[in-house]
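Below is one structure, written out as C-alpha cells, with a few remarks after it.
Please treat every number below as a calculation from the coordinates, not as lab data. Small disclaimer: the values here were computed from a predicted structure and weren't measured. So basically every Cβ, Gly included, is an ideal-geometry build from the backbone, and we count neighbours across all protein chains shown.
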Amino acid sequence: MPEHVGIDLGTTTSGLAWIKDDGTPEIVPNSDGERLTPSVVYFDKHEKVKLVGSAARDGGDPGRTVFRIKDRMDDPNYFFEIDGERWTPTEISAFILAKLRRDGSNLIGPIDKVVITVPANFNELARKATIAAARIAGMEVTRIVNEPTAAALYYAYREDISGRVMVYDLGGGTLDVTILEIGGNGNVRILTSEGARRLGGNNFDEILLAMYADQYRDITEAELYSDERERRRCLHAVEDAKKMLSKLRTVTDTVGNRQIGLARIELAREVFEDAVAGLLTRTLMLVEQALDSVGLAPSDIDHVVLVGGSTRIPRVRDVLARKFGFAPLSCGNVDECVAQGAALFSKHALSVTEVCNQSYGILALLENPETGEQRVRNSIIIAKNRTIPCSHTQTYLTSEDDECVIVIDVTQGEDEDPRYVDIIGKLTLKVPPGRPAGCEVTVTYSYDENQRVRASVLDHLSGKSTEVDIDYHGKGVLNEKQIARKSSLLRQIRVE
Ligand SMILES: Nc1ncnc2c1ncn2[C@@H]1O[C@H](COP(=O)(O)OP(=O)(O)OP(=O)(O)O)[C@@H](O)[C@H]1O
Ligand SMILES: [Mg+2]
C-alpha cells in the first residue's frame, strides 16, 4: 500500500504523485495514459456515468460539462443542475478525485490517505469542501497544504536551493505568490502568501479567443462561433496555439465554422504577449504586495521559482527577470511540481512552518481616540502571517445592560471597516439575566496546521463558555452523516 500520496486538485488539471520505496516522488499516470487529468466532469444523458478528464473536456454537450469547478469551492449557493438533479462543487470535485484515486490505486495499490493541496488564499469553506470531496471519494485527508508550500518543497528537494525564495505560481485559474525561507537542512518557513482568484491561463485564452474572432471577422465578415459548443471548440484550439507560441515566434492556425468556411489566422508571440501585458502587470502588483507585507525588497530575494503551466509563457519570465534582476528558476515540469511536492510533504511535514493567510477577528464597538465617537469596527484577534498553529485571546466589554445572549460576529479579512470583511460565523452564548454593561468576555481563536479556525468565548461573570468550529453558518459544509451517505452514493456511480 502506498504510504505517501499527494494530490494537486487544480482548476484546469489535477495530478497524483507518490513517494516510491527509494524515497523519490513520482507522478502516477491516469488510465488514459496521461500524467495529468483535466479537471473536467461530463454528465452523460444516456448512461449513469460521469466522465472525468480528457474525454469529458474534448467531447459532448457543453451544457452537460463542468469546467473549473475549483473556482466555486467557496460558494455555498452554487450547484450544477442536470437531469433534475443538483450537484454541489464538493460532489463534482469528488468525481475528479474518485478517478485519480481509482486510476492511481490500479498502479500503486490502494490509496486511502492523501495530502491535498489548495491555493494559499483558499478560505475556510473551500478548504472544508476540499476535505469533504476527498472523503466522499473514499480517502482520508491527512493534511491540506498550500500549493506554493508543496511546490517549494519540491524545488528544495530537486534543485537543492536555499535562502529566501519567492514562489510565483501562475496556473489555469489562480495566481499565488508566496515568500518563504528554505534552510540548509531543507526546512521550509513560510513568510507570507498573496493570491488572486480568476487570474491565470484561462484569462489568456479568452483574450486570445477575442483576437481570433477579430481576425476571423476581418477576413470573412462573419462571427467565429455562434453557440457555446463552437466557442468551446475554438477555446480549445486557442489554448493549443497559446502553448505553441511559448515555443515559436509565430503560429498559423486554420479555424472556422461549417456555414461560413475556414480562415487562416496568423499570430505573433509579441502581439499575444502585448495583449496580456496588463494581466502580467497585475501579477507583479501582487508580487509587490507580498514583498511589502513582510518588509522586503526584490533584492532581498535569493531565488524566484516558477510553478504552474502559464509560467511557460516567455514574457512571464521576462517581467520577473526585469523585476528581480536575475532569471527565475524553472524545474520544467511546472504543472507537476505541486502534486510531487504534496507527496513530499506527506513524508516530511515536520520540516515546514506555515503562517495563517488571513486575519480573523470580531465586530466590536470601538472608540475613535480623536473624536470619542463609537463605531462598529473589525477588531483583529489573529493577524495575517502569524506562525501556525497558534491561539490568541482578546478581552472585550459588553456594551448593553440586561444582555441575555452575547452574539459575536466572526470576521475574516484585513480591513478595519466591516464593509470590506467577510462574516464567517457567529458565536452565541446565553448568559444569566440582570447584568450591567461592561462585563468582561474573552474571545479566543485558534488556528490549526490545516488553516482551520476555531473560536471560543468565555463570559467572566457567569463562567460560561462556548466554542464553535467556524462553519459559515452551516451553509455548504457537510456533516459526517452527509459525507458517509454521499460517499456510498458515489460508489454506485460509474466514473470513467
Ligand atoms: N506551454 C504553455 N504555454 C502557455 N500556457 C501553458 C503552457 N502549458 C500549459 N499552459 C497553461 O497552463 C494552465 C494550466 O496550468 P496548471 O496545470 O499549472 O494549472 P492548474 O493547477 O490547473 O490551475 P490552478 O493552479 O490555477 O488551480 C492552462 O491555462 C494552460 O493553458
Ligand atoms: Mg496549480
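Taking 8 Å as the Cα distance limit and 6 or more residues as the minimum spacing, I'd like the relative contact order of the chain as a percentage.
On the way: 1054 pairs, mean separation 77.5, N = 496.
Rounded, it is 16 percent for the chain.
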Could you tell me how many degrees, from 0 to 90 and to the nearest 10, lie between the Cα long axis of helix 480-491 and the main elongation axis, the longest principal axis, of the Cα atoms of the chain?
20
Listed by chain and number, the residues whose amide H is under 5 Å from that of Glu496, excluding neighbours fewer than 5 places away on the same chain and using placed H, are Lys50, Leu51, Val52
Compute the helix-to-body angle for 89-108: its Cα long axis versus the longest principal axis of the chain, expressed 0 to 90° and rounded to tens.
60
Compute the label zone of Tyr420 within segment 344-376: residues whose backbone N is under 19 Å from the point 7 Å along Cα-to-Cβ.
357-369, 375-376
So what is the 222 nm mean residue ellipticity for the chain from helices alone, if each DSSP H run of at least 4 adds -39500 (n - 2.57) and you divide by all residues, rounding to the nearest 500 deg cm²/dmol?
-9500 deg cm²/dmol
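Which of the three applies to segment 190-328, rounded, prolate or oblate, going by the alpha-carbon gyration tensor with a ≥ b ≥ c and a/c under 1.5 meaning rounded? Could the numbers behind the result be given before it?
On the way: a/c = 3.25, a/b = 2.40, b/c = 1.35.
Verdict is prolate for segment 190-328.
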May I ask you to order 313-326, 230-243, 430-443 by the average number of other C-beta atoms within 10 Å around their residues, highest value first?
230-243, 313-326, 430-443
Compute from the Cα atoms of the chain the Rg and the Dmax, the latter being the longest Cα-Cα distance, and quote both in angstrom.
24.6, 81
Can you give the angle from 0 to 90° between the axis of helix 147-158 and the longest principal axis of the chain, with both taken from C-alpha atoms, to the nearest 10?
70
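Classify segment 360-463 from the C-alpha gyration tensor, please: rounded if a/c falls under 1.5, else prolate or oblate depending on whether a/b exceeds b/c. Provide the component values of the computation, followed by the final result.
Details: a/c = 2.08, a/b = 1.27, b/c = 1.63.
Judged from the Cα gyration tensor, segment 360-463 comes out oblate (a/c at least 1.5, b/c at or above a/b).
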What ³J(HN,Hα) values, in whole Hz, does the Karplus curve 6.51 cos²θ - 1.76 cosθ + 1.60 give for segment 220-225 when θ = phi - 60°, with x put for Gly and Pro?
10, 6, 10, 7, 5, 9
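At most 14 other Cβ atoms within 10 Å and a DSSP loop assignment: could you name the trypsin sites (Lys or Arg not before Pro) in segment 1-81 that fit?
Listed in order of number, the matching sites are Lys20, Lys45, Lys48.
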